[in-house]
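The values are calculated or read from the model by the stated rules, or taken from the named source; none is laboratory data. Fair warning: this is a prediction, and the values are worked out from it, not measured in the lab. Virtual Cβ from ideal backbone geometry, glycine too; neighbours counted across all protein chains shown. The area values use the complete protein model at the heavy-atom level, side chains included, leaving out ligands, DNA and RNA. Shrake-Rupley method; radii C 1.70, N 1.55, O 1.52, S 1.80 Å.
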Amino acid sequence: MSGQPEFVAEVDQNEYLPAGRRIVDAIVTVTASGANLRGNSGPLSAAQVIMIDTSGSMTAPHSKIQQAKRATAVAIDTLRDGVAFAVVAGSAHARMVYPPQPGMVPASQQTRAQAKAAVAGLRAEGGTAIGAWLNMANHLFASQPAEVKHAILLTDGQNQSERPEDLQRVLDACEGRFICDSRGVGADWVADELRKVASTLLGTADGLENPADLPAAFQAMTASAMGKSVADVSLRVWSPAGATIRFVKQVFPQVEDLTGRRTEVSARIGDYPTGAWGAESRDYHISVELEPQPVGEELLAARVSLVSAGQVLTERLVLARWTDDEELSTRINRQVAHYTGQAELAAAIQDGLKARDAGDVETATAKLGRAVQLATESGHADTAKLLARVVDVVDAPTGTVRLKKQVAGVDAELTNVRSVKTIRVKKTQA
């Protein structure tokens, strides 16, 4: 049907199992394409909240607050006419910048000009309480019927003005209510905090060393939100009686474990949230444990579909066939192996940096050495470059490294925040 979203799914797996084997792994690649995934129904209704850090440290150097103002103006100009929006200043508390009173207004030539004028007058002072900012955004979005609710959160420091449990409580309240992309600027933000916000709210996290990069980043995040064409998409997984879903992970463009976010549809069907989609492609790793069958038997291990508003957008099957042909059963699927390595790479980086911060040199060296080895094997050049900022690489193929004695704080945080970013394996021609 011409009005249907154009979603296509492909499955990569080795469906052949040796006798007695229980585990089936598959990579499901989902691609949404087409200039307008909704046919002639027009773009999704949207709402956007921009949260700018205005704590005192944003003036050290002054370029941070200046570029944050520029970036916010660029984001405002990127909004479609009619999109509800608001700007929030964040310090030890949250304050409305535009509109002046709590609420959201439709984007128009007049409201954009008013908002940019209000943003231009911002001053930086006070502390940092990210949970308070997110709580304000949650209240603003609550009054909006928009199909896509998107927030940008910018900070230059750690969440020092509230307890970690306060932030967690707010994140729990915000989960499923809106999407949030988090960004750090300068050298004092904390990767774990940015990743926690992005992970809980199905957004992205990154750090920008140069404040001059903020306008382009804000423009890209806003344009991506404006380009979403299908809202509240779930990855639906059916499994047979007696089967156990070991995990469901997004593995491209970044690693995100969705296993614990399962919503039961029935005893054998679960939905995993993926947020809103535009024209894009994502990969998922599905791992299922089955009751072993006799050699020669075939079993449907899982039925994987993308679902929005009760409509199945695309569907593919994951199969299991038991065989005594060793050549078939021992083949390693390149996609599965690649993304298993990418997930291990992310964990090795995070564990290594945590051990380094704790003064555990032995564990840090082993974990970060393994990360260097995995990044080299998979051709993840960007991650390899970041790792070289925190370790001296003696021999990359074997993962032999030494911890650098002097590391800029931002180097470790950049390596951490980007640890979950993945690359795709190059497909070879048959």
Legend entry - Count - residues of segment 167-194 that are under 18 Å from A408 (Cα atoms) and not in a helix (DSSP H, G or I): 7
Legend entry - Residue within segment 398-420 that is open to solvent by 30 Å² or more (accessible area, probe 1.4 Å), touching a helix residue (DSSP H, G or I) at 6+ places or on another chain (Cβ under 8 Å), without any contact (Cβ under 8 Å) to a residue 24 or more places away in the chain and over 27 Å from Y284 (Cβ atoms) present: no
Inset, instruction - Scan segment 201-221 for residues that are touching a strand residue (DSSP E or B) at 6+ places or on another chain (Cβ under 7 Å) and in a helix (DSSP H, G or I) and report the count. - result: 5
Legend entry - Test set (1) in contact with a strand residue (DSSP E or B) (Cβ under 8 Å, 6 or more places away or on another chain); (2) under 24 Å from G409 (Cα atoms); (3) in contact (Cβ under 8 Å) with a residue 24 or more places away in the chain; (4) surrounded by 22 or more Cβ atoms within 10 Å (Cβ to Cβ) - A198 fails condition number: (3)
Inset, instruction - Residue by residue through segment 237-262, note down the ones that are in contact with a Phe, Trp or Tyr (Cβ under 8 Å, 6 or more places away or on another chain) and farther than 26 Å from N416 by Cα. - result: V237, R262
Inset, instruction - Collect the residues in segment 253-295 that are among the polar types (S, T, N, Q) and closer than 29 Å to T323 by Cα, keeping them in residue-number order. - result: S287, Q293
Legend entry - segment 344-374: number of residues that are within 20 Å of A408 (Cβ to Cβ) and not basic (K, R): 14
Inset, instruction - Kindly check whether there is at least one residue in segment 136-148 that is within 21 Å of L386 (Cβ to Cβ), open to solvent by 20 Å² or more (accessible area, probe 1.4 Å) and either free of Cβ contacts under 8 Å to residues at least 40 places away in the same chain or assigned to a helix (DSSP H, G or I) (or both). - result: no
Inset, instruction - Name the strands (runs of 3 or more DSSP E) wholly inside segment 227-289 in which the number of residues that are open to solvent by 30 Å² or more (accessible area, probe 1.4 Å) and basic (K, R) is 2 or more. - result: 244-252
Inset, instruction - Residue by residue through segment 290-312, note down the ones that are surrounded by 16 or more Cβ atoms within 10 Å (Cβ to Cβ) and either in contact with a Ser or Thr (Cβ under 7 Å, 6 or more places away or on another chain) or assigned to a strand (DSSP E or B) (or both). - result: L299, A301, A302, R303, V304, S305, L306, V307, S308
Legend entry - Matching residues in segment 421-430 - criterion: being open to solvent by less than 50 Å² (accessible area, probe 1.4 Å) and not hydrophobic (A, V, I, L, M, F, W, C): T422
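Residues are listed down the side, and each one gets a yes or a no for (1) touching a Gly at 6+ places or on another chain (Cβ under 9 Å); (2) closer than 30 Å to R389 by Cβ:
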{"site": "R268", "(1), (2)": "no, no"}
{"site": "R282", "(1), (2)": "no, yes"}
{"site": "L299", "(1), (2)": "no, no"}
{"site": "R321", "(1), (2)": "yes, no"}
{"site": "T340", "(1), (2)": "no, yes"}
{"site": "A347", "(1), (2)": "no, yes"}
Inset, instruction - For segment 62-74, name all the residues that are open to solvent by 50 Å² or more (accessible area, probe 1.4 Å) and in contact (Cβ under 8 Å) with a residue 60 or more places away in the chain. - result: Q66, R70
